[in-house]
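Note sheet for the following structure.
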Amino acid sequence: MFYTIQTQFSKEGIFVERAILHSDINNCYASIECLYDPSLRGKPIAVGGSVEMRHGIILAKSEQAKRCGVTTGEAIWQARQKCRDLIIVPPHFDSYVLYSGYVQEIYRRYTDAIEPFGLDECWLDVTGSEKLFGSGKTIAEEIRNRVRKELGITVSVGVSFNKVFAKLGSDLKKPDAVTVIPQADFREKIWNLPAGAMLGCGRATVRKLSNFGVHTIGQLAACDRGFLQAVFGKMGLELWKYANGLDDARVKPDGFTPVSKSIGHGTTCVRDLENEYEVWLVMLSLTQEIGRRLYGEKLAATAVQIGIKNSDLFVRQFQAPLPLPTQSAFEIASGAFTLFRNAYRWERKVRSVTVRAINLVPDSAPVQTDLFSDFARHERQQKIDETVLRIRQKYGKNGIFNACLMLEKNMPDYKPDHAVLPGMMYK
């Protein structure tokens, strides 16, 4: 364990420029697939979902496929039009999680301040480790070499004085590279880059900025803060800070678990749903995982949100409060289904369903009852769900389940692991 300075001043009050690394596993899924099947190396490959199960999109691609224009998120048939020799391999998420852990073990040799950003990316604060291992750049080079030699995959590492620019650095040069953006001359290095290269500037933000003639990070940095706040709200001020190198967010300590603001689960069905009962089965199945996570994190939902994509690929979202704060999978599914029945018009069949528990509160928070809520029934349902969870913990997730879920649920077996994406601001 290493003492990590997470401010810009040491204990003695001397100014210390932070050394923040952002390490990104290059073409993570595709690279790991090549480890298990060396015959794929050097070929244009893509990790893709099952076309039969209607998850036929590109999840990751190799460097060779990238050169052909294949992009993450596009349909497999579109990718094949760009690259006729494209090899599609199914995802093996257990392997990706395993190798993500191996890479993080290498990071832990240098610091105990490690913040994952998905399976393939991490921020590291190595400020307090520089006296032991050398400069941030030296540590980044060591990490890069160790990952390649010990694991057979590569990483690109950005080194800077804050998280935003470290992330930007790791994106600038790929694969298997280290890029340094020092505080002294960051303006010369990045202000001419497109605004979309910076974390926080997604496609919608870039389009809106472009409408006002703001195309580069430097132009964003020169914007009036009041204008950005009027256009983007609080996030506008954050973007101005990021562009001017004023991001002071800390790297979260290793093992830190952020408090969930919402917990959701969704799926694209193997065929379009034609009636309400089919929708109910999908919602009840989805909320089993939501309930488990709520119990595990000691949270309760006070509202539910649903997302419905119809057969024309049009998506609509609806949300509504729940009668009482709950962790119950059945009560959340019931609230979601009631919302669906009241809000959705059956002009088209349903292609995909998402259920999200929102407005979360601690499960120990006091509850104000009223004359219209059946509190006794609510307590009985909570006890039933607690018992079900204990049985599943002992005998597995299929140890007990609702009898109706034995029927055809129209849900794919394809269930990738989820990755927690921590928020940027941690003071």
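The values are calculated or read from the model by the stated rules, or taken from the named source; none is laboratory data. In this text the structure is predicted, and so the values were computed from the model without any measurement. All Cβ positions, even for glycine, are placed from backbone atoms using ideal geometry, and neighbour counts span all protein chains on display. Heavy atoms of the whole protein, side chains included, go into the accessibility calculation; ligands, DNA and RNA do not. Shrake-Rupley method; radii C 1.70, N 1.55, O 1.52, S 1.80 Å.
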Past 23 Å, Cα to Cα, is the threshold; run K131/K241; K66/K261; K261/K397; K167/K309; K82/K349; K131/K163 against it and keep the listed order. K131/K241; K66/K261; K261/K397; K167/K309; K82/K349
Nearest-0.05 FRET efficiency for N402 and D85, computed from C-beta distance (R0 60 Å): 0.85
Kyte-Doolittle mean at least -1.0, axial Cα span of 27 Å or more - DSSP H helices of the chain: 276-296
Approximate shape of the chain as ellipsoid semi-axes (Cα gyration tensor, √5λ), whole Å, largest first: 39, 28, 24
As an exercise, find the ratio Rg/Rh for region 200-305 from alpha-carbon atoms, using the Kirkwood inverse-distance average for Rh. 1.15
For region 120-186 and region 295-342, what is the separation of their C-alpha centers, rounded to whole Å? 41
Starting from the Cα of T138, step 7 Å along the direction of its Cβ; do the same at L98; then give the gap between the two resulting points in nm. 3.6
Say R0 is 30 Å: what FRET efficiency, to the nearest 0.05, do A320 and E379 get from their beta-carbon distance? 0.85
I'd like the Kirkwood hydrodynamic radius of region 142-261, using the inverse of the mean 1/r over distinct C-alpha pairs, in Å. 15.7
Label zone at Y36 (point 7 Å along Cα-to-Cβ), backbone N below 17 Å, region 61-75: 61-62
Considering only the chain, percent of DSSP beta bridges that pair antiparallel, nearest 5: 85
Would you rank F165, F232, F314 by solvent-accessible area, highest first, keeping every protein chain in place and using a 1.4 Å probe? F314, F232, F165
How far apart, in nm, are two points set 7 Å out from the Cα along the Cα-to-Cβ line at T387 and at Q183? 6.1
Contour minus end-to-end for T257 and K174, with contour as 0.36 nm per residue of separation and end-to-end as the Cα-Cα distance? 26.9 nm
Rg (Å, one decimal) plus Dmax (Å, integer) for the alpha carbons of region 57-121? 15.3, 45
Mind checking the full-extension length gain between K131 and Q78? Use 0.36 nm per residue of separation minus the Cα-Cα distance, one decimal, nm. 14.0 nm
How large is the helix-only mean residue ellipticity at 222 nm for the chain, computed as the sum of -39500 (n - 2.57) over DSSP H runs with n ≥ 4, divided by its residue count, in deg cm²/dmol to the nearest 500? -11000 deg cm²/dmol
